[in-house]
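S.K.: The structure's right below; bear with me while I get my questions together.
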Amino acid sequence: MDVGQPVEVPGPPRDEQLLAGLARLGQAVRMSAWRNAGPYGLTPLQADILTFLAGDDRPRRQGEVVTALASTAPTVSDAMRALTGKGLVGKARDAADARAFVLTLTDAGREEAARLSVVPEPLRAAVAALDPGDLAAMLRGAATMMRELQERRAIPISRMCVTCRFYRPDAHPEDPERPHHCMFADAPFGDGELRLDCPDHEPA
């Protein structure tokens, strides 16, 4: 064999390998959600709804939940009915439109959302196994893929740095560790600090 010739590694191409890996990671996250049902026996969707409502103090309409979680109105309606029955979500008439309802977390709902925000140990250990450079690269790659999917309307809009009006990419080329700038915080930061879900996000 000619040492100078590149050798093709057998198996699917690397893009398919990456997608297979992402699918496995997603499976691990969902399995963790099932195991983390807690005292209320929450389904992953119910947990996602609590987490979504906890991410913003404003009362939210059910349609916003449907869009944010890429679900369907009947599915979210069933989950919301279960959450109100468990005393985790409150429902009230919308002051701007008496025909509509808005949703807020109850005190118990906020406590449960705080519990859900604690990353389970297996997932925390898996992330901790990454060195800072790999973590930064994964955040950068995830943000790039998510933005592309959002532009193609394949996933809901996320509150990411790269789609935020406060984000200034490569504003500090003299500092390779922290090349970007957040105008909201007025601070430089690097790829390892990219946010994929930021409560201060405003669309660009």
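The values are calculated or read from the model by the stated rules, or taken from the named source; none is laboratory data. Please read these numbers as outputs of a predicted model, since none were measured by experiment. Because the Cβ atoms are built from the backbone with ideal geometry, glycine has one as well, and the counts that use them run over all protein chains shown. Protein only, heavy atoms only, side chains kept; ligands, DNA and RNA dropped before computing areas. Shrake-Rupley method; radii C 1.70, N 1.55, O 1.52, S 1.80 Å.
S.K.: Quick check: anything in the range 1-24 among the small types (Gly, Ala, Ser), in contact with a helix residue (DSSP H, G or I) (Cβ under 6 Å, 6 or more places away or on another chain) and modelled with pLDDT under 95?
M.R.: Initially, the range 1-24 is screened for residues among the small types (Gly, Ala, Ser), giving 4, 11, 20-21, 23.
Among the residues that remain, those that are also in contact with a helix residue (DSSP H, G or I) (Cβ under 6 Å, 6 or more places away or on another chain) are: none.
No, the range 1-24 contains no residue that is among the small types (Gly, Ala, Ser), in contact with a helix residue (DSSP H, G or I) (Cβ under 6 Å, 6 or more places away or on another chain) and modelled with pLDDT under 95.
S.K.: Considering only the range 46-156, give the helices (runs of 4 or more DSSP H) lying wholly within it that have at least 3 residues that are within 15 Å of the chain's Cα centre (by Cα). Walk me through how you get there before you give the answer.
M.R.: Values: elements: 62-68, 73-85, 107-116, 121-128, 132-151.
Qualifying helices (runs of 4 or more DSSP H): 62-68, 132-151.
Table: residues versus (1) within 20 Å of ARG30 (Cβ to Cβ); (2) open to solvent by 50 Å² or more (accessible area, probe 1.4 Å); (3) modelled with pLDDT of 90 or more.
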{"residue": "TYR40", "(1), (2), (3)": "yes, yes, yes"}
{"residue": "GLN46", "(1), (2), (3)": "yes, no, yes"}
{"residue": "ARG58", "(1), (2), (3)": "no, yes, no"}
{"residue": "ALA95", "(1), (2), (3)": "no, yes, no"}
{"residue": "LEU103", "(1), (2), (3)": "no, no, yes"}
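S.K.: Of LEU19, LEU42, LEU25, which residue is outside any helix (DSSP H, G or I), more than 30 Å from ASP97 (Cα to Cα) and not polar (S, T, N, Q)?
M.R.: Details: LEU19 fails: outside any helix (DSSP H, G or I); LEU25 fails: outside any helix (DSSP H, G or I).
The match here is LEU42.
S.K.: From the set of residues in the range 71-90 that are surrounded by fewer than 15 Cβ atoms within 10 Å (Cβ to Cβ) and touching a helix residue (DSSP H, G or I) at 6+ places or on another chain (Cβ under 6 Å), which is nearest to LEU50 (Cα to Cα)?
M.R.: Of everything passing the filter in the range 71-90, GLY87 is nearest to LEU50 (Cα to Cα).
Per-residue answers, yes or no, for (1) open to solvent by 50 Å² or more (accessible area, probe 1.4 Å); (2) among the β-branched types (Val, Ile, Thr); (3) under 26 Å from ALA33 (Cβ atoms):
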site: PRO122; (1), (2), (3): yes, no, yes
site: ASP131; (1), (2), (3): yes, no, no
site: ALA143; (1), (2), (3): no, no, yes
site: GLU148; (1), (2), (3): yes, no, yes
site: ARG178; (1), (2), (3): yes, no, no
